[in-house]
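The values are calculated or read from the model by the stated rules, or taken from the named source; none is laboratory data. Everything numeric in this text was worked out from a predicted model, so none of it was measured. Because the Cβ atoms are built from the backbone with ideal geometry, glycine has one as well, and the counts that use them run over all protein chains shown. Side chains are part of the model used for accessible areas, which takes the heavy atoms of the whole protein and leaves out ligands, DNA and RNA. Shrake-Rupley method; radii C 1.70, N 1.55, O 1.52, S 1.80 Å.
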Amino acid sequence: METTLSESKPNYLNISTTIRSWLLTTDHKRIGILYLVSVIFFFAIAGTAAAMMRLELLTPRGDLVQPETYNKLFTMHGVIMVWFFMIPAIPAVLGNFFIPMMIGARDVAFPKLNLASWYVFIVGAMFTMGAVVTGGIDTGWTFYVPYSTLYSNTSVVIATAGVFIVGFSSIFTGINFIVTIHKMRAPGMTWFRLPLFVWSNYANSLIMVLATPILAITVLLIGLDHAFGIGFFDPSTGGDPILYQHLFWFYSHPAVYIMILPAMGVISELISAFSRSRVFGYKVVAFSSLAIAALGFMVWGHHMFVSGQSPYASTVFSFLSFVVAVPSAIKVFNWTATLNKGHISFKTPMLYALGFIGLFTVGGLTGVMLASLAFDVHVTDTYFVVAHFHYIMVGSTVMAFLGGMHYWFPKITGKMYPERWGQFSAIIIFVGFNLTFFPQFILGLEGMPRRYYAYPPEFQVLNVASTAGASILAIGYILPLLYLVWSVFKGAPAPGNPWNSPSLEWQSTSPPPKDNFDEPPVVTHEAYDYAHMAQAQGALDG
Amino acid sequence: MTGFNPLPPQASTMAVQVDALFYVLLGLSVFFILLIAGLILYFGLRYREGSKADRSGKRDGNLRLEFFWAAVPFVISLSVFYWAGSLFFTDHSPPPNTIDVYVVGKQWMWKVEHTNGYREINEMHVPVGRPVRLIMTSQDVIHSFYVPAFRIKQDVLPGRTTELWFQPTKPGTYHLFCAEYCGMGHSAMIGDIVVMTQVDYETWLNLGGAEAQAGMSPGEQLANQLGCLSCHKLDGSGVGPSWSGLFGSQVTLESGQTVTADEAYIKESILDPNAKIVAGFQPVMPDFAGQINDTQLTDLMDYIKSLAQSQ
C-alpha cells in the first residue's frame with residue numbers, strides 16, 4: 001500500500017490550523033467535524049437532562065426536582081435530542097464527510113451553502129438554548145396546543161423560533177446532497193455502483209427538503225398564536241387543536257425516517273465491510289430506502305388514534321403503517337442474509353451493527369404492535385411508546401452513529417482507535433440500553449403514562465431497574481468519548497484502508513488530502529466488489 | 001397474585017379481547033426476534049473470519065426469496081390489522097342502554113357528573129356488568145381519559161365532545177390516569193374508577209352519591225368524595241399540606257410570611273388555592289369556586305376543625 005504514514009503529506013487537517021481557517025472553511029470534511037463537535041455537545045446536554053429525569057423517577061413521589069422543572073427537563077431532552085442531535089448526527093457529520101468521497105467528488109455541490117447550514121444550525125441552537133436560559137419551556141417536544149399556545153407561560157416563542165431556524169439547516173444539507181449525488185459522481189460511478197449509504201442519504205435528503213417546510217409553517221403558527229393570540233388552534237375562536245396535531249405529525253413522522261434512514265445506510269456499509277460480502281439484494285435494499293421515504297409521508301395519523309380523529313381515518317393510517325414496515329423488514333432480512341457465507345469479524349463497528357439489527361428489530365416489531373389499532377389504544381401515551389421510540393432512535397440511530405464513527409475514525413483522524421476498548425464499550429452500551437428501556441415496555445403495558453413526574457408505588461420496581469440500566473448506559477457513552485479523544489492525539493497512525501474495503505472513500509489517504517483524492521478517481525467496479533479488491537491486492541502483492 | 005403479569009388487571013369486556021390480541025402480537029414478535037437473532041448467531045459463528053466452513057455458492061441476492069420474506073410477514077400482519085381494526089370499531093360502538101356519565105377534564109382534576117345530578121371529583125362509581133358511556137369535554141387543554149384495567153383511552157378536547165364506553169366485569173377500584181400531558185399537575189390528575197356490585201351501586205345511589213360510610217361526618221364524606229384527602233393525606237405524605245392539626249396553627253407561606261389558619265384562610269384556600277401557597281408545596285390544587293355550595297363549605301370547615309385536636 002502506498003500510504004501508511006500521513007504526517008509528512010499535506011492533508012485536510014494540517015493544511016491550515018488557524019481557528020479562522022476552520023470557521024470559514026468550505027471543505028465538506030471540516031464542516032463535518034464542526035457538526036461533529038456541535039452534535040456531541042448537544043447530546044451531552046440532552047443526555048444530562050435524561051439522567052436527571054431517571055433520578056427523579058427512582059421514587060414514586062416527586063422529591064429531587066419540582067414538577068415544572070421535571071416538565072422542562074423532558075421538554076429540553078426531547079427538543080435538543082431530536083433537532084440538535086438525532087436529525088443532524090449522521091447526515092451532517094458522516095454524510096457531509098463521506099458522501100462526496102464515496103462518489104469520487106472533491107466537495108459537495110454548494111460548499112458555501114454547506115457552511116451556511118452549520119451557521120444556521122448554531123443560530124437555531126442559540127435560540128433554543130436561549131429558551132433554556134430564559135426559564136425553559138415545559139410543553140414537551142411536541143408543543144401540543146392549546147397548552148403551548150394559551151396555557152404555558154414558558155419560553156415557547158424563543159424555543160419554537162430555534163426549531164424554525166434549525167429546519168433551514170436541514171433543508172440546506174438536503175439540497176446539497178441531492179444535487180451532489182445527481183451531478184458530481186466520478187466517471188464510471190453509476191447509480192448502482194453507489195454505496196448504500198449514499199442511497200439512504202439520498203432518500204433521506206428528499207424527506208428533509210419536502211417535510212421540513214411543514215415544520216417551519218407549524219411552529220410559525222404556534223409562535224403567532226402564543227405571541228399574538230390569533231387563534232389558529234384555539235377552539236374558542238373557531239380554531240382546531242387537532243389540526244395542529246395533523247400538521248405536526250405530517251412533519252414529525254417523516255422526521256423519524258430522517259433519523260433512521262441514514263443510520264440504515266451506515267449499517268449496510270458496516271455489515272458489508274466486516275463480513276466481506278456484497279450487501280444481499282443491493283437493488284432491493286436501495287429501493288427500500290426510497291419506498292420508506294415515500295410511504296413515510298402517509299402514516300402520520302397513527303400518532304392520533306385516540307386524539308378524536310375519525311376511526312375510519314385511523315383505520316387507513318393503521319393499514320399504511322403495516323405497509324411501511326415491509327421495506328424495513330426487507331432490510332433486516334437482507335442484512336442478515338449478507339452474513340451468510342461471509343468472512344465475519346467482530347470488530348467494534350460490526351458489534352454496533354449487529355446490536356443495531358437486534359434493537360431495530362425490537363423497535364420495529366413493537367412499532368407494528370402500536371400500528372394495531374385496539375392495542376395502541378391501551379398503550380399509546382404510556383411508557384410502551386417511550387420504550388418503542390427509544391429502541392428506534394437511540395437503540396438504532398445512536399448505535400449506527402457510534403458504529404460509523406468507529407468505522408470511519410481512521411479515515412477522519414488518520415489514527416486508529418483502541419479495538420479492545422471499542423468492543424468493550426459497544427457491549428456495555430448494548431447491555432445498558434436494554435436494561436434501561438426494556439423495563440419501560442412493561443411499565444407501559446401495566447399502564448404507566450409518560451411524562452409523569454410522580455407515579456403510583458406499584459411502578460417503582462421497574463423504574464428503579466430502568467434508572468440502574470441508565471447508569472450503565474451513561475458509562476457506555478462516556479467511554480468512547482474518552483478513548484476516541486485520546487486516540488486523536490495518541491492513537492497509532494492509520495493506514496489508508498485499514499478494513500481493506502473496496503468502497504471509494506478508503507482509496508484515499510488517511511486523513512484525506514483537501515481535495516479528497518490525489519488524482520480524480522475513475523470507477524470501474526461496484527461499491528462492494530470484494531473479488532475485484534482481492535484481485536487488485538493479488539496484483540500488488542505479486 | 002400468582003406469578004408475574006405484565007398486564008394490569010382485566011376488568012372490562014374489552015380488556016379480555018385486547019389481551020388476546022397482545023399475546024398474539026407478542027408471540028409473532030418473539031418468533032421474528034428469535035429467528036433474526038438465531039440466524040445472526042449461526043452465521044456469525046459458522047462464517048467467522050478464518051473458519052473453514054464451505055462458502056461456495058454464495059449469492060448476492062435472490063429476488064424470489066426476498067419477495068417471500070417480504071410477503072409472508074405482510075400477509076400475516078394483515079390478519080392482525082383486521083383483528084385489531086375490528087376491535088377498535090367495537091371501541092367506538094357503544095351498545096344501546098348505556099349508563100351515561102358526563103366527564104369534564106380541567107387542569108388538574110376530573111369532574112364527573114351522573115345523569116341524576118350526582119357529582120364526583122377524581123372518582124367515578126359505576127356498576128359491574130352494565131355498559132357505561134362517557135361523554136367528555138375539556139375546560140382548558142387536551143387531557144386523556146385512561147383506565148389501564150379497562151384497556152381504554154380517549155383524548156378529551158376543549159371545544160368538542162368525545163365519547164368512550166366500557167363494560168366493567170369485576171368489582172374493584174381501578175386507576176384513572178390523565179394520559180395526555182397537560183401541564184404542571186399532569187401526574188396528579190389521577191383518580192379512581194370504583195366498580196361496585198349492582199347492590200352496592202343501588203345503595204350508593206340511594207345514599208345520594210356517597211358510599212355507605214357509617215359514622216362519618218358530612219364533612220369527612222365530602223372530603224372523600226371530592227378527593228381532598230388523596231392529596232391532603234392526614235399522615236402528611238401527600239402532595240398537599242396535611243389537615244391534621246391544621247386549624248388554628250401558624251402556617252408559613254412560600255413568600256416567607258406566616259398566617260394563622262383561621263376560617264377565612266381555609267375558605268380562601270378552598271375557593272382560590274393559589275392565593276396563598278404553603279412553603280414547600282406546589283400550586284397544583286384546582287380551585288373549587290363554583291364547585292361546592294356554602295353548606296358543603298361549612299361541612300368541610302367543620303371537618304377540618306375537628307382534625308385540629310386529633311394530633
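From the residues A:Ala400, A:Phe121, A:Phe322, which one has its Cα farthest along the dipole of chain A in the positive direction, the dipole being from +1 and -1 charges on Cβ of Lys/Arg and Asp/Glu about the Cα centre?
Of the listed residues, the answer is A:Ala400.
Whole angstrom only: what separates the Cα centroid of the range A:481-515 from the Cα centroid of the range B:86-158?
Result: 61 Å between the Cα centres.
Leaving out ligands and nucleic acids, note down the accessible area per residue over the range A:198-243 with a 1.4 angstrom probe, in whole Å². Present the calculation step by step, with values, prior to reporting the outcome.
Working: 1640 Å² over 46 residues.
Value for the range A:198-243: 36 Å² per residue.
Collect residues whose amide H, placed 1.01 Å from N in the peptide plane, falls under 5 Å from the amide H of A:Ile344; neighbours closer than 5 in sequence don't count.
Placed amide hydrogens put B:Arg48, B:Glu49 under 5 Å from A:Ile344.
Bin width 5 Å, alpha-carbon pairs only: give the P(r) of the range A:476-524 as whole percents, running from 0 to the bin holding the largest distance.
5, 17, 19, 18, 17, 12, 7, 3, 1
What does the charge dipole of the range B:43-186 about its Cα centre add up to, to the nearest 20 debye, if the Cβ of each Lys and Arg holds +1 and the Cβ of each Asp and Glu holds -1?
Values: 16 positive and 13 negative charges, 152 e Å.
The calculation lands at about 720 debye.
What 222 nm value per residue comes from the helices of chain A, counting each DSSP H run with n ≥ 4 as -39,500 (n - 2.57) and dividing by all residues, nearest 500 deg cm²/dmol?
Values: 17 runs with 342 residues, N = 542.
The helix contribution divided over chain A gives -21500 deg cm²/dmol.
Label-point separation (nm) for A:Thr17 and B:Lys170, each offset 7 Å from Cα along Cα-to-Cβ?
In this crude label model, A:Thr17 to B:Lys170 measures out at 7.1 nm.
Count of lysine pairs in the range A:21-535 with Cα atoms under 14 Å apart, counting only pairs 8 or more residues apart in sequence or on different chains? Could you put the intermediate results ahead of the total?
Working: A:Lys29/A:Lys112; A:Lys29/A:Lys411; A:Lys29/A:Lys514; A:Lys283/A:Lys331; A:Lys411/A:Lys514; A:Lys415/A:Lys490.
Summing the qualifying lysine pairs gives 6.
Roughly how many Å is it from the Cα centre of the range B:285-301 to that of the range A:74-112, as a whole number?
58 Å
Taking the Cα-to-Cβ direction at B:Val24 and at A:Ser236 and moving 7 Å from each Cα, how far apart do the two end points lie in nm?
About 4.7 nm, to one decimal.
Other chains' Cβ within 10 Å of B:143-152 residues: what's the mean? Mind dumping the intermediate values first?
Working: counts 0, 5, 1, 8, 2, 9, 1, 2, 6, 4.
Per residue, the number of nearby Cβ atoms from other chains is 4 on average.
Which one of B:Thr169, B:Cys182, B:Ser217 is farthest out on the positive end of the charge dipole of the range B:148-230, using unit charges on Cβ (Lys, Arg +1; Asp, Glu -1) and the Cα centre as origin?
Farthest along the dipole direction, towards plus: B:Cys182.
Within 10 Å, count the other beta carbons around each residue, average over each peptide in A:101-114, B:71-84, and list them highest first. All intermediate terms of the calculation are to be shown ahead of the outcome.
Values: A:101-114: 20.2, B:71-84: 15.9.
Highest to lowest by the protection proxy: A:101-114, B:71-84.
What three numbers, in Å, describe the spread of the alpha carbons of the protein assembly as shown along their principal axes, ordered from the longest?
101, 56, 48
Of all DSSP beta bridges located in chain B, what percent are antiparallel, nearest 5?
70 percent
Enumerate lysine pairs in chain B that are 8 or more residues apart or on different chains, then count those whose Cα atoms are under 27 Å apart.
Taking the Cα cut-off of 27 Å, the pair count is 17.
Ignoring ligands, DNA and RNA, how much accessible area is buried between chains B and A, both sides summed, with a 1.4 Å probe, to the nearest 100 Å²? List each step's numbers first, then the result.
Working: alone 18030 and 21140 Å², together 32280 Å².
Adding both sides of the contact gives about 6900 Å².
So if I take the centroid of the Cα atoms in the range A:254-284 and the same for the range A:54-71, what is the distance between those two points in Å?
Centre-to-centre distance over Cα atoms comes out at 39 Å.
Rounded to the nearest 10 Å², what accessible area does B:Asp287 show when all protein chains are kept and the probe is 1.4 Å?
60 Å²
Suppose we keep just the DSSP beta bridges with both residues in the protein assembly as shown; what percent of those would be antiparallel, to 5? The partial results should precede the final answer.
Numbers: 33 of 47 bridges.
Taking every DSSP beta bridge within the protein assembly as shown, about 70 percent pair in antiparallel fashion.
How far, in nm, would the chain grow between B:Arg64 and B:Asp262 when pulled straight, counting 0.36 nm per residue and subtracting the alpha carbon separation?
Numbers: separation 198, 0.36 × 198 = 71.28 nm, distance 8.26 nm.
Separation in residues times 0.36 nm, less the Cα-Cα distance, equals 63.0 nm.
For the range A:360-367, what does the Karplus curve 6.51 cos²θ - 1.76 cosθ + 1.60, with θ = phi - 60°, yield as ³J(HN,Hα) per residue in whole Hz, taken in order and with x for Gly and Pro?
Those phi angles translate into 5, 5, 5, x, x, 5, 5, x Hz.
In whole Hz, what ³J(HN,Hα) sequence does the range B:232-244 give by Karplus (6.51, -1.76, 1.60; θ = phi - 60°), x for Gly and Pro?
8, 5, 6, 8, x, 8, x, 6, x, x, 5, 7, 5
Could you rank A:Ser272, B:Ser93 by how accessible they are, 1.4 Å probe, largest area first? Walk me through the numbers on the way to the answer.
Values: A:Ser272 0, B:Ser93 65 Å².
The ranking, largest first, comes out as B:Ser93, A:Ser272.
In terms of solvent-accessible area of protein heavy atoms at a 1.4 angstrom probe, what is the ranking of B:His175, B:His114, highest value first? Before the final figure, lay out the partial values.
On the way: B:His175 65, B:His114 10 Å².
Heavy-atom accessible area, descending, gives B:His175, B:His114.
So who's got an amide H within less than 5 Å of the one on A:Met448, skipping anything under 5 residues away but keeping other chains? H placed 1.01 Å off N, in plane.
A:Tyr383
Which of the GluC sites (Glu not before Pro) across the range B:228-307 are loop residues per DSSP, with 13 or fewer other Cβ within 10 Å? Working shown, then result.
Details: sites: B:Glu254, B:Glu263, B:Glu268; in loops: B:Glu254.
Passing both the DSSP loop test and the Cβ count: B:Glu254.
What net charge do the residues around A:Ala454 carry, taking every other residue with its C-beta under 15 Å from that of A:Ala454, with Lys and Arg at +1 and Asp and Glu at -1?
Numbers: positive: A:Arg54, A:Arg61, A:Arg450, A:Arg451, B:Lys233; negative: A:Glu56, A:Asp63, A:Glu68, A:Glu458.
That sum, taken over residues with Cβ under 15 Å, equals +1.
For the pair B:Thr197/B:Leu78, report the inter-label distance in nm, with labels modelled 7 Å from Cα in the Cβ direction.
So the two model labels end up 5.0 nm from each other.
For the range A:475-481, what does the Karplus curve 6.51 cos²θ - 1.76 cosθ + 1.60, with θ = phi - 60°, yield as ³J(HN,Hα) per residue in whole Hz, taken in order and with x for Gly and Pro?
After applying 6.51 cos²θ - 1.76 cosθ + 1.60, I find 4, x, 7, 6, 3, x, 4 Hz.
Quantify how strongly other chains surround peptide A:212-224 by giving the mean number of their Cβ atoms within 10 Å of each of its Cβ atoms.
Across the residues of A:212-224, the mean count of other-chain Cβ atoms within 10 Å is 0.
How large is the helix-only mean residue ellipticity at 222 nm for chain B, computed as the sum of -39500 (n - 2.57) over DSSP H runs with n ≥ 4, divided by its residue count, in deg cm²/dmol to the nearest 500?
Working: 7 runs with 106 residues, N = 311.
Calculated from helices alone, the mean residue ellipticity at 222 nm is -11000 deg cm²/dmol.
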